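The values are calculated or read from the model by the stated rules, or taken from the named source; none is laboratory data. Small disclaimer: the values here were computed from a predicted structure and weren't measured. Quick reminder, even Gly has a Cβ in these numbers, built from the backbone with ideal geometry, and neighbours come from all protein chains shown.
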Amino acid sequence: MIDDAARLIKQKELVAFPTETVYGLGADAFCVEAVEKIFYAKRRPAENPLLVHVSSMEQVCQLVSHLPEDALRLIKEFWPGPLSIVLPASGRVPDIVRGGKKGVGLRMPDHPVALRLIDRAGPLAAPSANKYGRPSPVTADHVRTDLHGQIAAVLDAGPTGVGVESTLIDLQNNYKVLRRGGVSLEAIQKVLGREIEAPDGSSAAQFLTDLVVLLAGDFEQLDIILEDCFKQKKKTALVNNNYQKGPRKSYAGLTREYQLDLIRGGAGLYSIIRECESSNIEVLVFAPLPSDLTGIAASFVDRIKRAASLDQNIN
Ligand code: TXA
Ligand code: MG
């Protein structure tokens with residue numbers, strides 16, 4: 001299977017493959033014609049650069065103009081693993097991969113299938129294998145739902161383990177975490193020995209979904225939101241999390257109820273969103289989250305904020 005997938009990549013085709021975070025949509029990073037197909041299949045704007053997935057330091061050296069000491073420190077600590085690093089690109093990285101920017105984002109995924117594919121056909125330019133703006137796919141079925149008929153093959157290795165995308169750090173000038181993800185901010189700061197600026201998901205664009213997604217600020221607000229949903233006879237799902245304290249109420253009007261583990265992560269969050277969409281849930285409500293979470297839980301909170309809109313009207 002992996003050999004067939006590698007052959008397809010060399011024939012300038014697109015292959016979706018599993019990583020430890022989410023499924024990626026891979027093309028030969030040095031082939032402009034193949035990379036163009038990624039933008040077309042996803043309907044992704046051309047100025048949005050693609051991460052290049054590598055399996056060896058030899059590949060890294062082909063892609064960057066130089067490798068700073070701090071990059072080596074992060075690579076040593078976290079690769080293979082869910083950290084992507086933006087570095088000055090070498091002349092070999094096509095403009096289309098960089099979305100016209102100077103830097104190239106590099107990632108070495110911690111997944112045996114991905115690493116074997118990249119060994120045989122890489123480096124691979126690969127965004128998440130979803131339609132632009134949709135939640136990332138954490139199963140091969142999610143990939144098929146979004147990209148059916150547009151890609152040559154999907155390597156199916158079951159649900160992904162981390163379930164949130166890689167952390168992205170720019171090491172070019174002022175160090176900056178551009179996206180929270182599978183490696184915690186605290187772990188990165190520890191290795192680099194300094195504080196790094198990081199975003200809060202509420203400023204990012206919302207996911208495209210027909211669901212109304214609401215995040216309750218506190219439990220009183222949760223009661224009000226749910227009562228309102230029940231009164232309006234909306235099919236409503238509630239997502240609890242493992243940071244909720246005290247006795248849990250049972251709400252009779254719910255169509256579904258989920259428990260999300262923010263510590264262990266896993267494929268839960270994006271699967272819940274997609275499952276609710278396909279079972280015609282109308283309103284997806286997240287129970288309150290503590291504001292001071294650290295580690296990978298902070299990355300899940302970031303994505304929940306991206307999914308939700310507090311002031312959205314449910315009419
Ligand atoms: O976990 C992941 O990172 C997954 C798996 C498949 O590896 N990939 C992924 O790719 O999430 P994508 O394209 O969905 O998100 C990558 C993000 C985008 O927001 C993109 O704009 C940013 O990384 N990015 C990529 N290259 C960049 C660069 N050279 N400079 C700045 N941002 C970059
Ligand atoms: Mg994506």
Unique match (being in contact (Cβ under 8 Å) with a residue 60 or more places away in the chain and within 25 Å of THR160 (Cβ to Cβ)) among LYS42, LYS76: LYS42
Selection from region 136-188 of residues that are of a type outside the set (Ser, Thr, Tyr), within 13 Å of ligand 1 (Cβ to nearest atom), under 26 Å from GLY295 (Cα atoms) and out of contact with any strand residue (DSSP E or B) (no Cβ under 9 Å at 6 or more places or on another chain): VAL138, GLY161, VAL162, GLY163, VAL164, ASN173
Any hit, region 82-97, residues being under 19 Å from GLY122 (Cα atoms), basic (Lys, Arg) and in a loop (DSSP other than H, G, I, E, B): yes
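Residues are listed down the side, and each one gets a yes or a no for (1) of a type in the set (Gly, Ala, Ser); (2) over 25 Å from SER299 (Cβ atoms); (3) away from ligand 2 (no atom under 16 Å from the Cβ):
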{"site": "LEU147", "(1), (2), (3)": "no, no, no"}
{"site": "THR167", "(1), (2), (3)": "no, no, no"}
{"site": "VAL191", "(1), (2), (3)": "no, no, yes"}
{"site": "ALA216", "(1), (2), (3)": "yes, no, yes"}
{"site": "GLU227", "(1), (2), (3)": "no, yes, yes"}
Qualifying residue in region 192-200 (condition: crowded, with 24+ Cβ neighbours inside 10 Å and touching a residue at least 24 places away in the same chain (Cβ under 8 Å)): no
Which numbered condition LEU72 fails, given (1) surrounded by fewer than 21 Cβ atoms within 10 Å (Cβ to Cβ); (2) closer than 22 Å to HIS142 by Cα: (2)
Which numbered condition TYR258 fails, given (1) crowded, with 16+ Cβ neighbours inside 10 Å; (2) in contact (Cβ under 8 Å) with a residue 24 or more places away in the chain; (3) under 11 Å from VAL285 (Cα atoms): (2)
Filter pass, VAL138 being closer than 23 Å to ARG306 by Cβ and aliphatic (A, V, I, L, M): yes
Test for VAL35: is it under 30 Å from ARG274 (Cα atoms), at pLDDT 95 or above, within 16 Å of ligand 1 (Cβ to nearest atom) and assigned to a helix (DSSP H, G or I): yes
Single match in GLY105, GLY163, GLY133 (criterion: within 16 Å of ligand 2 (Cβ to nearest atom), assigned to a loop (DSSP other than H, G, I, E, B), buried (at least 24 other Cβ atoms within 10 Å of the Cβ) and not aliphatic (A, V, I, L, M)): GLY163
Test: residue in region 231-240 that is more than 30 Å from LEU74 (Cα to Cα), part of a helix (DSSP H, G or I) and modelled with pLDDT of 95 or more: yes
Tally, over region 120-130, of residues that are within 20 Å of ARG306 (Cα to Cα) and either more than 12 Å from the chain's Cα centre (by Cα) or assigned to a loop (DSSP other than H, G, I, E, B) (or both): 3
Selected residue (criterion: farthest from ASP170 (Cα to Cα)) from residues of region 1-24 that are within 14 Å of ligand 2 (Cβ to nearest atom) and in contact with a Phe, Trp or Tyr (Cβ under 8 Å, 6 or more places away or on another chain): ALA16
